[in-house]
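The structure appears below as structure tokens.
The values are calculated or read from the model by the stated rules, or taken from the named source; none is laboratory data. In this text the structure is predicted, and so the values were computed from the model without any measurement. Cβ atoms come from the backbone with ideal geometry, glycine included; neighbour counts cover every protein chain shown.
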Amino acid sequence: MDFFELVYKRESVRKYRDKPVNKEDIERIMESCRMAPSACNSQPWRFVVVTDPELKDKVAGASYSTVMRFNRFASRAPVIIALVAEPPNWLSKIGSSIKDKDLYLMDIGIVADHLCLQAAELGLGTCMLGWFDEAKVRRLLNIPEEKRIPLLITLGYPKKDTARKKIRKKLGELYSFNSYR
């Protein structure tokens, strides 16, 4: 599939089939993540791929509560991937400080997109979750206290084979040439 087709296919999936994701596909996704660019080749990430059903359900449970229920679908995904922020290398830290930009967060966004696009190319669905009990996930996955977990990403086979219609800004609202308009 060409890239344009892939970006139209990729969407946030919230309904999954009851089918495990094979290890080869997970390894292919991780290889695509390994090849993601980062500021000063810092690669400030590590992944914890949660496939054990009992542990996965506990991690999913950390993404919703009786009051905040919108991530309940996470428990139906066969895999949840915790994206752990690692310290960037010294050159990236210096660049972040000088330019007053968190370059590592840009890198996290790039690698997360690589993960989701590779999954879509393999016929898998994903959804990035930013709302979860980070301390609970950290404890469940034995992630050191000083580490941050910017995202959890659900992974599995979508119940539907067709992508829904995407609602986006009109192309003319998205960009301008030579000046902000």
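The set of residues in segment 91-136 that are over 30 Å from F3 (Cα atoms) and in contact with a Ser or Thr (Cβ under 8 Å, 6 or more places away or on another chain) comprises L91, F132, D133. Which members of segment 59-101 meet the condition of being of a type in the set (V, I, T) and surrounded by 18 or more Cβ atoms within 10 Å (Cβ to Cβ)? The answer is V59, V79, I80, I81, V84.
Looking at A119, A135, A74, A62, just one residue is of a type in the set (G, A, S) and within 12 Å of the chain's Cα centre (by Cα), and that residue is A119. W45 meets all of the listed conditions (1) touching a residue at least 60 places away in the same chain (Cβ under 8 Å); (2) within 24 Å of T162 (Cβ to Cβ); (3) aromatic (F, W, Y) but one, namely (2).
Selection within segment 39-58: residues that are touching a strand residue (DSSP E or B) at 6+ places or on another chain (Cβ under 8 Å), of a type outside the set (D, E, K, R) and surrounded by fewer than 20 Cβ atoms within 10 Å (Cβ to Cβ). The member of this set that is farthest from D107 (Cα to Cα) is T51.
Quick check on segment 69-90. Is at least one of its residues free of Cβ contacts under 8 Å to residues at least 60 places away in the same chain, of a type in the set (D, E, K, R) and closer than 23 Å to R17 by Cβ? The answer is yes; a qualifying residue exists. The number of residues in segment 134-181 being surrounded by 14 or more Cβ atoms within 10 Å (Cβ to Cβ), of a type in the set (G, A, S) and at pLDDT 95 or above comes to 1.
Listed here are the residues, each with its yes/no results for (1) within 20 Å of the chain's Cα centre (by Cα); (2) hydroxyl-bearing (S, T, Y).
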{"site": "W131", "(1), (2)": "yes, no"}
{"site": "T154", "(1), (2)": "yes, yes"}
{"site": "K169", "(1), (2)": "no, no"}
{"site": "E173", "(1), (2)": "no, no"}
{"site": "Y180", "(1), (2)": "no, yes"}
